[in-house]
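Asker: Sharing a structure with you now.
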Amino acid sequence: MTSIESIPADEWNALDLHGNPTVTHEFLATLERESCVGGDTGWTPAHLTLRDATGALRGAVPLYRKTHSWGEFVFDFSWAQAYAQAGLRYYPKLISMVPFTPAPGPRLLIGADADADSMRHALVKQLLEMTQAERASSLHLLFVEPADLAVLKAHNFLIRKDCQFHWHNRGYTSFDDFIATFRAEKRKKALRERRRIREAGITYRTLLGEEMDARLWDIVFAFSADTFAQRGHEHYLNAAFFRSFCSKRPGAVMVKLAQYEDQPIAAAIFFVGRDTLYGRYWGAQAQFDSLHFETCYYQGIEYCIENGLQHFEPGTQGEHKVPRGFEPIETWSAHWLADPRFRRALEHYLRQEHEAVDNYIAEVKSHVPFRREASNDATRDSP
């Protein structure tokens, strides 16, 4: 086990983390301290570091040994089943991602003064050597950004494509400015959803995580945990994680708290990056029409516009996000398998999956709510 605690926080955080709070030393260390990973969770920290001759940290990879595939959001359960049917062992495997966080981000972390391309190649080489030395079945880097993806392709990783729905700030000065880009019928529907919340007497408070006391965190976390319970799962995190992380990384967490008659009834929890808002968890103890859309999406969009954030990534799945101004974007993962037979089979499968994802994205794009001229501008401006 290579705990993040064995790596000095200032060294790790001096790497290029792209302003993503979930890759910080504080985030990963809090996961360990609050027992969200480690122990019998199936996530064993194995973070990889690369130092130069002087001992200076030049690169790193957030890395875990996994004994299951839960909490990853890039599903390979069928791969594990195929291995088992062939009498082979799929677990443990090695995986690089932020646990329980389906958000694109840097996986090959590079020092600011390093030759980025050569350092990425060196990190991938070391990852492959570690995978082979441990006789792991496979190595997976999930929700990979383009710069990392190019290097992984060069090392013959299999590339998997998926789709999420993201919002992009195209210089909007207000929510009204944003909603004006919608076609009339879509604009009316969105405004009607927002009006229902106001007419119901629901108000919102915007709180940074460090502004919340332990009691309020318990309330907000209970909302989120109930959402998991309704789906037959336990929450991956705990209230202690949020309290601890917020105290160590002020400004990295934002909560939209919905209130009715001055009492909390729902909440959405967001992580705040340098230029991106990450929607993560939500829950409610009351049923109001459009409460989910307002709390998780419209409130987040308003926050981005007011604070100059350029992107809003609300998490996985959800075609219902599209009529509310979110657009389909490609997400990527990279996979290396030790067994050449399974590699060949997966290579064929992924080609078919790529085509299906491309067709799906093309279909969804035909349903975005923007006026034609606004949609054309959005296409030109898309990252």
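The values are calculated or read from the model by the stated rules, or taken from the named source; none is laboratory data. The structure displayed is predicted, hence computed values, not measured ones. A quick note on method: Cβ atoms are made from the backbone with ideal geometry, for glycine too, and the neighbour counts reach across all protein chains shown. The accessibility values were calculated without ligands, DNA or RNA, using every heavy atom of the protein model including side chains. Shrake-Rupley method; radii C 1.70, N 1.55, O 1.52, S 1.80 Å.
Asker: How far, in nm, would the chain grow between residue 307 and residue 159 when pulled straight, counting 0.36 nm per residue and subtracting the alpha carbon separation? If you can, show how the numbers build up before the last one.
Answerer: On the way: separation 148, 0.36 × 148 = 53.28 nm, distance 3.49 nm.
Full extension from residue 307 to residue 159 adds 49.8 nm.
Asker: If you don't mind, there's one more thing I want to ask. Using the Kirkwood radius over C-alpha pairs as Rh, can you work out the diffusion coefficient of the chain via Stokes-Einstein at 4 °C, viscosity 1.567 mPa s, in µm² per second? Could the numbers behind the result be given before it?
Answerer: Values: Rh = 22.1 Å.
My calculation gives 59 µm²/s for D.
Asker: Something else about it: Tell me the carbon and sulfur percent of the accessible area for the chain, rounded to whole percent, probe radius 1.4 Å.
Answerer: On the way: 8150 of 16920 Å².
Here carbon and sulfur together make up 48 percent of the probe-accessible area.
Asker: So in the chain, what percent of DSSP beta bridges are antiparallel if you round to the nearest 5?
Answerer: On the way: 52 of 60 bridges.
Looking only at bridges with both residues in the chain, the antiparallel portion is about 85 percent.
Asker: Something else about it: For the chain, compute the number of Lys pairs whose alpha carbons are separated by less than 28 Å, excluding pairs fewer than 8 positions apart on the same chain.
Answerer: Number of lysine pairs found: 26.
Asker: For the pair residue 275 and residue 259, how long in nm is the line joining their label points, each one 7 Å along Cα→Cβ?
Answerer: Computed distance between label sites residue 275 and residue 259 equals 3.5 nm.
Asker: Mind jotting down the distance between the C-alpha centroids of the stretch 239-296 and the stretch 302-342, whole Å?
Answerer: 19 Å
Asker: Another question, then. Write down the Å³ per residue value for the convex hull defined by the alpha carbon atoms of the stretch 113-154. Display every interim value, and only then the final one.
Answerer: Values: hull volume 3.3 nm³, N = 42.
Taking only Cα atoms, the stretch 113-154 has a hull volume of 79 Å³ per residue.
Asker: With a point put 7 Å past each Cα toward its Cβ, work out how far residue 112 is from residue 183 in nm, to one decimal.
Answerer: Between residue 112 and residue 183, the label points sit 4.8 nm apart.
Asker: With a point put 7 Å past each Cα toward its Cβ, work out how far residue 121 is from residue 208 in nm, to one decimal.
Answerer: With each label placed 7 Å out from Cα toward Cβ, I get 4.3 nm.
Asker: Which net charge results when you count Lys and Arg as +1 and Asp and Glu as -1 among the other residues whose beta-carbon is under 14 Å from that of residue 111? All intermediate terms of the calculation are to be shown ahead of the outcome.
Answerer: Numbers: positive: 51, 58, 120; negative: 10, 11, 16, 52, 113, 115, 117.
Net charge around residue 111: -4.
Asker: Hey, with R₀ at 25 Å, roughly what FRET efficiency would residue 10 and residue 247 work out to, going by the Cβ-Cβ distance, to 0.05? Each step should come with its number before you reach the end.
Answerer: Working: r = 18 Å, r/R0 = 0.71.
The value I calculate is 0.90.
Asker: In addition: Write down the accessible area per residue of the stretch 156-265 in Å², having rolled a 1.4 Å probe over the full set of protein chains.
Answerer: Accessible area per residue, the stretch 156-265: 49 Å².
Asker: So if R0 is 22 Å, what FRET efficiency would residue 231 and residue 75 give, r being the distance between their Cβ atoms, rounded to the nearest 0.05?
Answerer: Numbers: r = 15 Å, r/R0 = 0.70.
Computed FRET efficiency for residue 231 and residue 75 comes out at 0.90.
Asker: Test of the criteria: in the stretch 61-154, which trypsin sites (Lys or Arg not before Pro) are in a DSSP loop and have at most 11 other Cβ atoms within 10 angstrom of their Cβ? Let's see the in-between values first.
Answerer: Numbers: sites: 65, 66, 89, 93, 107, 120, 125, 135, 153; in loops: 89, 107, 135.
Passing both the DSSP loop test and the Cβ count: 135.
Asker: Quick check for you: which residues of the stretch 1-42 have the amide N under 20 Å from the point 7 Å beyond the Cα of residue 150 toward its beta carbon?
Answerer: Inside the label zone: 16-19.
Asker: Rounded to the nearest 0.05, what FRET efficiency do residue 176 and residue 356 have when you use their Cβ-Cβ distance and R0 = 35 Å?
Answerer: Details: r = 38 Å, r/R0 = 1.08.
Calculated value: 0.40.
Asker: Further question on the same structure: Over the stretch 271-342, average the accessible area per residue using a 1.4 Å probe and give it in Å², no decimals.
Answerer: Heavy-atom accessible area per residue stands at 37 Å².
Asker: For every other residue with a beta carbon closer than 10 angstrom to the beta carbon of residue 328, add +1 if it is Lys or Arg and -1 if Asp or Glu, then tell me the sum.
Answerer: Details: positive: 321, 365; negative: 319, 327, 330, 363.
Every neighbour counted, the sum reads -2.
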